[in-house]
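> Got a structure for you, written out below as structure tokens; questions coming shortly.
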Amino acid sequence: MILFTKNKTVFLFSLLFLTIQNLATAQILTKQLHVLRGGNLPFVFSSLNDYTNGKTLGDTLGGNNWTRLSLSFTDTTAAGEDGTSNGFQFIINVSSNIIADGSSPDLPIDSLRVFSKVISSENSILTAYNKTLLLGDNLIIDATDTDILTGHAIIELSFRLNVGMGRSPDYYYTDLVFILREK
């Protein structure tokens, strides 16, 4: 009977020790993405020039952009130390082409181009990419951790849509999903 109690005590002590050890080394990630400005992308094509040269929302040359985002990423352990991640990535996920609401054919998603600009960055080294969107995940911002607990950035996005001649007037739409993830 004493052996059973002793083993039970040893087992409980071991379980308690492992639980405390895991809590002390557990990784705690906090990711925040706030849209500060922007929303729907209302591309209105109303002239021959718009169809021929495309239409831009925001300034692709560094002026005011269409969408402004605040990104925050904190990686700590339960003990309050710097976590194990190498930074964060801002992704735009696209799951479908640009869909026509009427009888027109859909537009390929590669008709839409995104331009990104870093406005400010704290405790992270950011690389911004301008790219033509493709189906799936599109890396827009790559942030490298500088061994500080929290990284913060303000970024802006502009969008350009090229439809080309021969398209019927219609209402087109697609979903762009913004994702902030650990790298």
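> Report, to the nearest whole %, how much of the accessible area of region 87-183 belongs to carbon and sulfur atoms, 1.4 Å probe, protein only.
That share works out to 49 percent.
> Okay, moving on. What GluC sites (Glu not before Pro) does region 108-183 have in DSSP loop regions with at most 12 other beta carbons within 10 Å?
none
> I need the chymotrypsin sites (Phe, Trp or Tyr not before Pro) found in region 126-179, filtered to DSSP loop residues with at most 15 other beta carbons within 10 Å of theirs.
Y129, Y171
> Can you list residues from other chains, or at least 5 along the same chain, whose modelled amide H is less than 5 Å from the amide H of L41?
Under 5 Å from the amide H of L41: no residue qualifies.
> A further question on this structure: Which whole-Hz couplings ³J(HN,Hα) result when phi for each residue of region 43-52 is put into the Karplus expression 6.51 cos²θ - 1.76 cosθ + 1.60, θ = phi - 60°, listed in order with x for Gly and Pro?
7, 10, 9, 10, 8, 4, 4, 4, 5, 6
The values are calculated or read from the model by the stated rules, or taken from the named source; none is laboratory data. Since the model is a prediction, treat every value here as computed from it, not as a measurement. Here Cβ is always computed from backbone atoms with ideal geometry, including for glycine, and neighbour counts include all displayed protein chains. We work out accessible area using only protein heavy atoms, side chains counted, and drop any ligands, DNA or RNA first. Shrake-Rupley method; radii C 1.70, N 1.55, O 1.52, S 1.80 Å.
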